[in-house]
Every structure is written in structure tokens, then in C-alpha cells.
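Enquirer: This structure is in C-alpha cells; I'll ask about it shortly.
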Amino acid sequence: MKFNSLEFLFLFMPIVLIGFRVWPRRRQALLFITLASYVFYAFAAKWLTLLMLVSTTVDYTVGILLDREDRPGRRKLILLLSLVFNLGLLSFFKYFNFFVDGVNALRPGHPVLTTTLRVALPAGISFYTFQSMGYSIDVYRRHLKAARSYLEFASFVSLFPQLIAGPIVRPSVLLPQLAREGKVDDSRVTEGLFLFACGLAKKVLIADRIAFFADPILDSLSRQTPIDGWLAMVGFALQIYFDFSGYTDMARGLARMLGLEFTINFDSPYHADSPSDFWKRWHVSLSSWLRDYLYIPLGGNRKGERRTSFNLMATMLLGGLWHGAGFNFIVWGGFHGLLLLVFHRIERPWARLPRAAKHLVMLPLLVLSWVPFRMHSMADLAAFLRCVRGPIRAPAAPGALWLYVALGAVIVALPKNSNAIRWHELKWRHVFALAAVTTLAILHLNLSSKFLYFAF
Amino acid sequence: MHPSHRQRLLAFLAFVCACVVVVGWTNQRVKARESGSEGGKALREQLRVLVAQPGRWGLTMTPGPAQERTLRAEWTRVLAARVEVLVLGQSDADHMSSTSFKDPSTFYNGFLSNSYLAYQYEVFDEITRRRGAPKLVLWDVRSGYLAQVHEEPAWEVPADDPVWYAGAPFYHGDATPPWYRDIPSLLSLAQTEFTARSLLADLRARDATIEARADTGEPFVLLPADRASISHRWLSDGSRVYPQELAGRLVPRGQTAPQEARGERKLTEASIAMLDVYLQKMLAANARVIVYAPPLRADAASEPTQQPLYAAFDRRVREVTDRRGVDFCDLTVRGAKMGCAPGDFYDELHLGRACDARVLRELASGCAPRAGAELRARVTDAVLASEPSASAR
């Protein structure tokens, strides 16, 4: 079930929101929301819902054991159990096909691994394994007390607003909120609904519209002019932002309607004036997760210049691989790692440049970074490079693409983003404008597609 | 709670729900009216005029299944004579013309642009129910269509059911959840546009006389067939002429490179299975069938990335037709050999009357060993003697 579907908007969401509010006690409400989340997940993952249940049970037990155990060796062993389980699960479901294909590609025509098994990727597995793995690590580090209630922990892992595509909410942020008694303030419901509506409009009216016109160009690059190739890639840069930040707004809005607050995941990323600034604004919940659970444990910037460079590159490559089992994602991660390294070296002179100059450099680099992300294979990547190096001809892209790209660019350039808007203080005219846009989005729903990050 | 929070929330919900309800309710009303006995009256009247005066009129159209399916349903009611040769297929079958047949009055072109096998079969079924089964069916199933990733609708709801007006009741690419089958299309942009168009047409005062109509690009307007138009038009035999086309001479739409025949495409097995099912139904109704794939323009036919698709298409469709004892004539890459020059095409997929005459010649001259003789007896001598176009020679 997608957030941008009629069954979600007119059946699932109202039932869950009303059901959540009518239960008099928090515990009952939590049970209801957990069951609802499993139903929601079952629409996407069917029997693989059981996998989430197993993962939840393993990490809940690991948390309890870690809390009880004081001997460092034993604690390490218990943590290792959690890491092996979670990473094993992720590796099998996400990278098995990639591994088999990769090995077999070494000797074309003579497959080394002759398995016929193809593993389907369960929706949201990358998100919920990182979330529950983060919990085990936090409990191990004694940054967090283990959850005593299985129900609270199960609802933390399965909470439907963030289950399929994040944000990856830290246990220290979400678990206390889930344990808190008390009714949801009605102003939060209003804010949440408006934020959700904003996300829906971003996804349906901008991201999907851009994709509608840009995808045919990016899927037939051998016949496109360089200007059209670049225009479509700028379109993709805007599409992925509006798609994913739209999803995040919807997730955060839903959480707010349930009286919860999720971490901010996007903060005007295209306003970034350096690569490190970009990663403080783009998919913040993932980049901060990688920083805290990978980059810093590897030594961060504490072990000299060469080790810092290695740590940065390793983190970005693994971050790329987290997005998908494909060489293009490794290239994407590597490109960002390289940008971080280069900008780390020129930090001081870069800081002295005027802000506009920084943007003039950053924006093209960011668009360029999306090339390997969008191109599904190395052959497609080569086709894009051939296209943009081709002779300059008059562009043939539809006018609507220019229009949607311009609209997206104007919205991206606005100084305020959806996090900064005080949704509960909207003026009447803004309320009705938002309602009109929401209606338009609902009437476009049958043209809407899945969220890009559902694939990860 | 601050009262304004509740006011804002309620106002927002009321506005959205009211708009959605109003759009949905209006859609339902318009659909019910259009599908009822009062609905489509003007269209039926125009179809009667079109069919009664062959060659005189062209009825303007907006390509797409939203209007065409219901139009075909109306059309089968007003056909002048028994249909003996029926052409089915998508828009690339649209130029198969009655002028290629010895008795033009027994020919009907039932193509549906950009539509489904189910709806193509439905045209056959409606004709069979009303006037008996056609003797010979020429069914155009090009490779690209069978490589589309889409869900074929189950053919079970009659064509005059309101649910079909302005779009099929399912999402593109996703199965519709069973508990509210027609809601997605009810709240679709196509439905809203359809409703807005219908309401606007109601508001506008229309001149009742056919001759007084201007060529504005508006659909369902009868225009003289012997003049070029800015619109696509249906002719009385069910075939189509393109904008600016006159007396069979196409004005190609200026497409320089193939658009559809690109990228990696694979056959949709579900569509192959549906083809098999509908072939069985046609044979059970005692119709003879020739399945054919029309030629593509040379650049699309020779596109290297598409060769695996063309080969797979030929193999899989031939398996089905051989199993059913039906002819299959795959002309996908044979356009140049048949004498169809790029100028005979409107674009990479759509061939004009001259090239379609050569398709008939191929079907009647050995390419279809089972039913070809019957076709040969019906086509004109000019078709059998058709030469390559000047530019192809």
C-alpha cells in the first residue's frame, strides 16, 4: 500500500487515526497501531512480514540480554549476534542476486554459480534492519536502556509511517515517545495533516510529473541531444528530491497525527554550499546513522589524515551500496566520497568564497552525482556520457518538462522548506490553497507511481 | 485547544472531501447519462449519417480508448450490412480500407487505438451478437503491443456500462483492489476531464446542422471527407485518416527516429495468453482468422536493440497460432521488401493505405496458407497487383 493511493488515504489512514484516538489507554493504542503497521507491511511484503517479526524478536532479546550482562566479552558476543543476524538478513535479501550475477559475469557463458534461486527484496528491509541494529548498538554502548515492553519495541520497528522508506528514527528519539502516556493534542493533528498534504503534493504534482516527461528521455539517451540529456538529469535531481522529501513529509505528518515526532530528514539539500553541508541536509537520518555507527567507530577523523580519508571513502561506498545492489550505487557513493575528500583538502580557501560562487560549483556537481544513481547499469551510464558529449543540437524535450523543472527549481530555491513552515498557523487563504492542491493531487493519483526509495 | 486549529482542520477536510465528492458525484451522473438511452444520442445520429453516406463524411476523433470503446459499441448497432471481413488491432491497423475489397460494404475496420486485446475482441463479439460472426478476421498484433507492461482488463463488463466512460476502471500497471473497483477511475484525471468536457458541451449552444460545423479539433464532428482537416477522423468503413491526410496521401508527422522501438523490451506472457483465449473464442464462432504483424518503418525494423524482441514475438505468436490452426503472417521487418517506403508511414508504427494494400497482397498471396485464399477472393485486383511505392523501388 502506498501513501499516495486511494486505499491508504480514504481507508487505512482514517481508520488508523480514528482507531488510535479512541483507545483510552496508551497500551491499547500501541497494540492497535502495531497491528495496523503489520497489516500495512503485509500489503507490500506478504509473508515476509514474518521476517520483520523475527528481526524484532531477535533484537528485543539482544537488548534485554545486553542490559542484564556486565561482562564485556559476553556483551560483545551478544552484540555480534545482533550484527550478524541483521547484516546477514540484509546481505541475503539485498545482495544475493548481485553477488551471484557478479561472480557469473567474471566468466560470461560459463556460470560459476549455477543457482536458479532469485531472492525478492522485502520492502523497507534496509530501513528497519538499520533501525533495530542501531538499537542494539545503543544498548551495547549503554546510551540507551533496553526496551522492557515487547509491544513498545515492536511498534518502534514496525511503525508504518517510517517502515518502508524511513526516516531511520533513532531508538533514543522514538522509544520514549512511544512509552509516553497522554492524548494527542489536536493542533498536532492539524499540523500533521497539513504536512502530509504538502508531501502528497510534492510527490504527485511535482516528482511524478517531472518523471513522466524526463524518464522517456533518460531511457533513450542514444537519440537525445546533450541539452535534453542534461535537462532530464536536472529533472531527475528535482524528482528524487521531491519524491523522497515528499515521502518524508508524509511520514512525519502521519507521525505527528499519532502524537510522535520524527527526525528531520531533508533540510533544503540543494542550498548546500559544500559536500559535507549537503550530507547534513540530504537523507539526514541515514547520513547521521552512517556517521555514528560506521564512520566514528572506524576512527572518524581521529587517526590521522590518511585514515580519515579511508574512513570517509569506506563510509560513502557502503552508503552507496546500502541504496542498492549495483555498481552504479557504488560509483555514486564513491563520487560523493571523492567530493568530500577534495573539499576537505580545500576547506579554508573554499570557506572564503562568496556563497553564490559556492552554489555555482555545488549545484552542477550535485546534478552530476545523480547520473550514476539514475543510470541502472554501467552501459546506461556510458550512454549518458556519450549523449552529453554529442554535438550540440536544438533541444527537443517537451515544453512541459522545462516548465516542471522550472517550477521545481523555484520551489527548491525558496528560503523556507516544509520543516520551517508553522503549519498550525496557516492563514485561511493558505489553508484553502493547500486544500485545492491536495484535491488536485488526489485527482492525479491514478497517474502516480511508487516512491523511488521504496526500491531500497 | 485553540479554536482556530479545529476550524482550520475542519475547513481543510471539508474542502478536500467536498471537492472529491462533487467531482465523483458529477462523474457518476455524467457517466450514467452518457451510457443511458439518452446519452450519446447525438453521436449515434452522426454515426448513422456517416454509415448511410459512405465516402462523404469523416467523423472527428480524439485517439484513445476513453471514447473509442463506447463509440465502437454504438457503431456496431448502426452498421449498414453484415460484416464479412473484419479488421481488429490497435491504431496501426487504422488504414485498412474498404477500398481494397471487391464489395466494400461488407468490410469493417474495428481498430481501437492504444487499446487492449480484450476490447478488440469485444468489437468482434458485439458484431457477432448483432449480425452473426464475420467470415474472415484480420487481426493485427504488433510486437510492441505484446511487449507492453500493462494489465489486460478482464472482459466481463458490457461496453455500455457507465464504469467504462472516460477510462478503464483500473490503475495503469497495478491491479485494482477488489473492494472498490471503479473508484480509482472515478477519481481519475481522465474522468474529471471527461466530466468537464461534457458539462462544457452542455453549456455551449450547438448548431444542429452538420454542415454548419467548423473544423475546430473538437471530437465527434462530421466534416466532409474530401477535405483535409486538422483532426483525426473516422471514415464510414471504420478506418481512420490522419490530420492533413487527403485521398490516402499521408503527411508524415515528422518523427525523425523511432520512439517506441527502443530500449530493452520483453514479451508480456499474459498478453500472449489472452491472445490465445480470444483466438479460441473467434474460432468457436466459426470465423476464419489471419493474425498478422504489420511492417514497421525501416529504421524501427532495423533497430538493433529490438531484434531479440522481434524474434521472440515471431516465435511465441507462431506457437499460439500453430496450436490453434490459424495463419500468422509476421511482416514486422519486411516492410522494405514489400515495397513500403518510409514515406508510406505516418511515423514508425503507422502505415498508410498504400502500404496496407501491400499487407493485404502479402496475406492473400501465400503468407497465410490457411485462410489466404478466402481473402484473395475478396480483395480487388489492384491490391493483388500493387507495386512498390516509387521511393521504395
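Enquirer: Can you confirm whether B:R265 is part of a strand (DSSP E or B) and crowded, with 20+ Cβ neighbours inside 10 Å?
Expert: It is false that B:R265 is part of a strand (DSSP E or B) and crowded, with 20+ Cβ neighbours inside 10 Å.
Enquirer: Scan segment A:414-431 for residues that are within 11 Å of another protein chain (Cβ to nearest Cβ) and touching a helix residue (DSSP H, G or I) at 6+ places or on another chain (Cβ under 6 Å) and jot them down.
Expert: Selection gives A:W423, A:H424, A:V431.
Enquirer: Further question on the same structure: Consider A:S377 against the criteria (1) surrounded by fewer than 17 Cβ atoms within 10 Å (Cβ to Cβ); (2) out of contact with any Phe, Trp or Tyr (no Cβ under 9 Å at 6 or more places or on another chain); (3) farther than 18 Å from A:H283 by Cα: it satisfies all of them except one. Which criterion is unmet?
Expert: (2)
Enquirer: If A:N328 meets every condition in (1) buried (at least 17 other Cβ atoms within 10 Å of the Cβ); (2) touching a Leu at 6+ places or on another chain (Cβ under 8 Å); (3) at pLDDT 90 or above apart from one, which number is that one?
Expert: Every listed condition holds for A:N328 apart from (3).
Enquirer: Taking the residues in segment B:5-26 that are at the interface with another protein chain (Cβ under 7 Å from one of its Cβ atoms) and not aliphatic (A, V, I, L, M) as candidates, determine which candidate is farthest from A:V189 (Cα to Cα).
Expert: Among them, the one singled out is B:C19.
Enquirer: Hey, another quick one. Might you let me know whether segment A:419-429 holds any residue that is assigned by TED's automatic domain parsing to the domain that holds A:F278, of a type in the set (F, W, Y) and touching a Leu at 6+ places or on another chain (Cβ under 7 Å)?
Expert: yes
Enquirer: Among the residues of segment A:171-206, count how many are among the hydrophobic types (A, V, I, L, M, F, W, C) and either within 14 Å of chain B (Cβ to nearest Cβ) or in a loop (DSSP other than H, G, I, E, B) (or both).
Expert: Counting residues in segment A:171-206 that are among the hydrophobic types (A, V, I, L, M, F, W, C) and either within 14 Å of chain B (Cβ to nearest Cβ) or in a loop (DSSP other than H, G, I, E, B) (or both) gives 12.
Enquirer: Within segment A:411-432, is there a residue that is assigned to a helix (DSSP H, G or I), touching a Gly at 6+ places or on another chain (Cβ under 9 Å) and not hydrophobic (A, V, I, L, M, F, W, C)?
Expert: No; the residues of segment A:411-432 include none that is assigned to a helix (DSSP H, G or I), touching a Gly at 6+ places or on another chain (Cβ under 9 Å) and not hydrophobic (A, V, I, L, M, F, W, C).
Enquirer: One residue is enough: does segment A:5-25 have a residue meeting the conditions in contact with a helix residue (DSSP H, G or I) (Cβ under 8 Å, 6 or more places away or on another chain), of a type outside the set (A, V, I, L, M, F, W, C), farther than 30 Å from A:K202 by Cα and away from chain B (no Cβ under 14 Å)?
Expert: no
Enquirer: Checking the structure you have, find out if any residue of segment A:385-392 is basic (K, R), more than 10 Å from chain B (Cβ to nearest Cβ), touching an Asp or Glu at 6+ places or on another chain (Cβ under 7 Å) and in contact (Cβ under 8 Å) with a residue 24 or more places away in the chain.
Expert: no
Enquirer: From the list A:S55, A:S5, which residue is surrounded by 15 or more Cβ atoms within 10 Å (Cβ to Cβ), more than 30 Å from A:R209 (Cα to Cα), in contact (Cβ under 8 Å) with a residue 40 or more places away in the chain and hydroxyl-bearing (S, T, Y)?
Expert: The conditions single out A:S55.
Enquirer: Suppose we filter B:R316, B:R370 for residues that are on the phi < 0 side of the Ramachandran plot, among the charged types (D, E, K, R), in a helix (DSSP H, G or I) and surrounded by 14 or more Cβ atoms within 10 Å (Cβ to Cβ); which single one remains?
Expert: Checking each option against the conditions leaves just B:R316.
Enquirer: While we're on this one: Applying the selection to segment A:155-170, what residues are in contact (Cβ under 8 Å) with a residue 60 or more places away in the chain, in a helix (DSSP H, G or I) and not β-branched (V, I, T)?
Expert: Those that are in contact (Cβ under 8 Å) with a residue 60 or more places away in the chain, in a helix (DSSP H, G or I) and not β-branched (V, I, T): A:S155, A:S158, A:F160, A:P161, A:Q162, A:L163.
Enquirer: What's the number of the only condition in (1) touching a Ser or Thr at 6+ places or on another chain (Cβ under 6 Å); (2) at the interface with chain B (Cβ under 10 Å from one of its Cβ atoms); (3) modelled with pLDDT of 85 or more that A:L443 fails to meet?
Expert: In the conditions (1) touching a Ser or Thr at 6+ places or on another chain (Cβ under 6 Å); (2) at the interface with chain B (Cβ under 10 Å from one of its Cβ atoms); (3) modelled with pLDDT of 85 or more, A:L443 misses (3) alone.
Enquirer: Here's something else I'd like to know. Any residue that is farther than 23 Å from B:Y121 by Cα and touching a strand residue (DSSP E or B) at 6+ places or on another chain (Cβ under 7 Å) - is there at least one of those in segment B:293-302?
Expert: Scanning segment B:293-302 turns up at least one residue that is farther than 23 Å from B:Y121 by Cα and touching a strand residue (DSSP E or B) at 6+ places or on another chain (Cβ under 7 Å).
Enquirer: Are any residues in segment A:105-149 polar (S, T, N, Q) and either at pLDDT below 70 or in contact with a His (Cβ under 7 Å, 6 or more places away or on another chain) (or both), and if so, which ones?
Expert: Those that are polar (S, T, N, Q) and either at pLDDT below 70 or in contact with a His (Cβ under 7 Å, 6 or more places away or on another chain) (or both): A:T114, A:T115, A:T116.
Let's see how each residue does on (1) assigned by TED's automatic domain parsing to the domain that holds A:W370; (2) of a type in the set (F, W, Y); (3) in a helix (DSSP H, G or I); (4) surrounded by 21 or more Cβ atoms within 10 Å (Cβ to Cβ):
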{"site": "A:D228", "(1), (2), (3), (4)": "yes, no, yes, yes"}
{"site": "A:Y241", "(1), (2), (3), (4)": "yes, yes, yes, yes"}
{"site": "A:D249", "(1), (2), (3), (4)": "yes, no, yes, yes"}
{"site": "A:G259", "(1), (2), (3), (4)": "yes, no, no, no"}
{"site": "A:D273", "(1), (2), (3), (4)": "yes, no, no, no"}
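Enquirer: Something else now. Determine whether segment B:374-391 contains at least one residue that is under 19 Å from B:L88 (Cβ atoms) and either in a loop (DSSP other than H, G, I, E, B) or in contact with a Pro (Cβ under 9 Å, 6 or more places away or on another chain) (or both).
Expert: Within segment B:374-391, not a single residue is under 19 Å from B:L88 (Cβ atoms) and either in a loop (DSSP other than H, G, I, E, B) or in contact with a Pro (Cβ under 9 Å, 6 or more places away or on another chain) (or both).
The values are calculated or read from the model by the stated rules, or taken from the named source; none is laboratory data. All figures in this text were calculated on a predicted structure; none of them were measured in a lab. Please note: Cβ atoms are built from the backbone with ideal geometry, for glycine as well, and neighbour counts cover all protein chains shown.
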